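Read through the structure below, which is laid out as structure tokens, and then see the notes.
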Amino acid sequence: MSVNDPTRPSPSRTPWLTALHRWFDTTVDDEPAAAADERVDWMRVLPFAALHLSCIAVLWVGVSWTAVCAALTLYAVRMFAITGFYHRYFAHRAFRTSRAIQFIFAVVGASAVQRGPLWWAAHHRHHHKHADTGRDPHSPRRGFWWSHMGWFLSRSGFRPDLRAVSDLQRYPELCWLDRYDVAVPATLAMGLYALGAWLARVAPQLHTDGGQLLVWGFCISTVLLFHVTVTINSIAHRFGRRRYDTRDDSRNSWLLALLTFGEGWHNNHHFFPGSARQGFRWWEIDVTYYGLRALALLGIIRDLRPVPAGLRRMGRS
Ligand SMILES: [Zn+2]
Ligand SMILES: [Zn+2]
């Protein structure tokens, strides 16, 4: 959907009604002043706040190994979709694949509740273009909380400049995911509840039920996934080692690299963003890259862009 799409719903005169409408349709327009409004848009982000609060329900639903395994599996699968596809594929075009595979991983990425692939890639391309300048959407030079989640919750962060992703706008299925970005997460949440309720009936030895799978598999797993993902904005531009003298403040952190499946090698990444690989040295664990190599071996993706060997050897060890 283009910025000037005539099918885009026009804004309501009541800002809270516009925000409410956006829970279901992200293309509802805003008044021009919103682009510069950096205050938290409380009405729009109520579901995000509710998602955090819902984790408290663990006190009522309890825990089981089944529920913890569901939470960890969904964390891992969605982290891979965010880092391998939302980031390295949609934002950086670091490899190629078919339209069907592109869509499948866009759906998995959308289930992470980090908005649609166009929104994600557009913001991220701006981040690389203007990293740690006044035009960076989430530089920690403006404070930790702004870079961690303030930018994401503000009215200004709601709509990126989609001209940055005109290559992705050619795909109506991606535009649909972006427009109705609540659809996939809502389906996952309902599916987990239904699965848990079914397991309680047919496999009581697993000691789980609908409420427990919903809270662990969706609420806790998603909140954890979100906060770990955005540490790359807030912490990986503040703490860690700088191998390359890039123009920004990006750093390498082995701990963040482990938690984010390779994204913690962020100074490497800012030095050479087009590569499918972010851990440049053999000991720099980059789980996403290993996963992408496996998908390439299976013929699911192809043409992984490497880091030129000369560049990899540059910089401090
Ligand atoms: Zn960065
Ligand atoms: Zn990037």
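No lab work stands behind these numbers, since they all come straight from the coordinates. This structure is a prediction, so every number in the text was calculated from the model and none was measured. Note that we place each Cβ from the backbone using ideal geometry, even for glycine, and neighbour counts take in every protein chain shown.
Taking the Cα centre of the range 22-145 as reference, the dipole from Cβ charges on Lys and Arg (+1) and Asp and Glu (-1) amounts to some 580 debye. Footprinting exposure proxy ranking of 125, 247, fewest other C-beta atoms within 10 angstrom first, gives 247, 125.
When the charge dipole of the range 50-313 is built from unit charges on Cβ atoms (+1 for Lys and Arg, -1 for Asp and Glu) and taken about the Cα centre, the candidate among 111, 255, 139 whose Cα reaches farthest toward its positive end is 139. Cα-based radius of gyration for the range 104-170, normalised by 2.2 N^0.38 Å, reads 1.13. In the elastic network of the chain, a GNM with C-alpha springs shorter than 10 Å, the most mobile of 69, 175, 219 is 69. Between the range 75-128 and the range 160-187, what is the C-alpha centre distance in whole Å? The two parts, judged by their Cα centres, are 11 Å apart. Of the residues 213, 168, 297, the one that moves most in a GNM of the chain with alpha-carbon contacts below 10 Å is 297.
Arranged from fewest to most other beta-carbon atoms within 10 Å of their beta carbon, 231, 260 become 231, 260. Protection proxy ranking for 155-166, 49-60, using the average of other Cβ atoms within 10 Å per residue and placing the highest first: 155-166, 49-60. As an equivalent ellipsoid, the chain spans semi-axes of 30, 26, 20 angstrom, where each value is the square root of five times an eigenvalue of the C-alpha gyration tensor, largest first. Entry note, the chain: the mean residue ellipticity at 222 nm calculated from DSSP H runs of n ≥ 4, each adding -39500 (n - 2.57), is -12500 deg cm²/dmol after division by the residues and rounding to the nearest 500. What shape does the range 216-296 take by its C-alpha gyration tensor, where a ≥ b ≥ c are the square roots of the eigenvalues and a/c under 1.5 counts as rounded, a/b above b/c as prolate, and the rest as oblate? Note, shape of the range 216-296 comes out oblate.
Ordering 195, 184, 174 by the projection of their Cα atoms onto the charge dipole of the range 164-210, which places +1 on the Cβ of Lys and Arg and -1 on the Cβ of Asp and Glu, puts 195 at the extreme positive end. Put simply, when 198-207, 136-145 are sorted by average Cβ atoms within 10 angstrom per residue, most first, you get 136-145, 198-207.
For a footprinting-style exposure proxy, rank 104, 232 by other Cβ within 10 Å, fewest first.
Numbers: 104 15, 232 24.
Result, fewest neighbours first: 104, 232.
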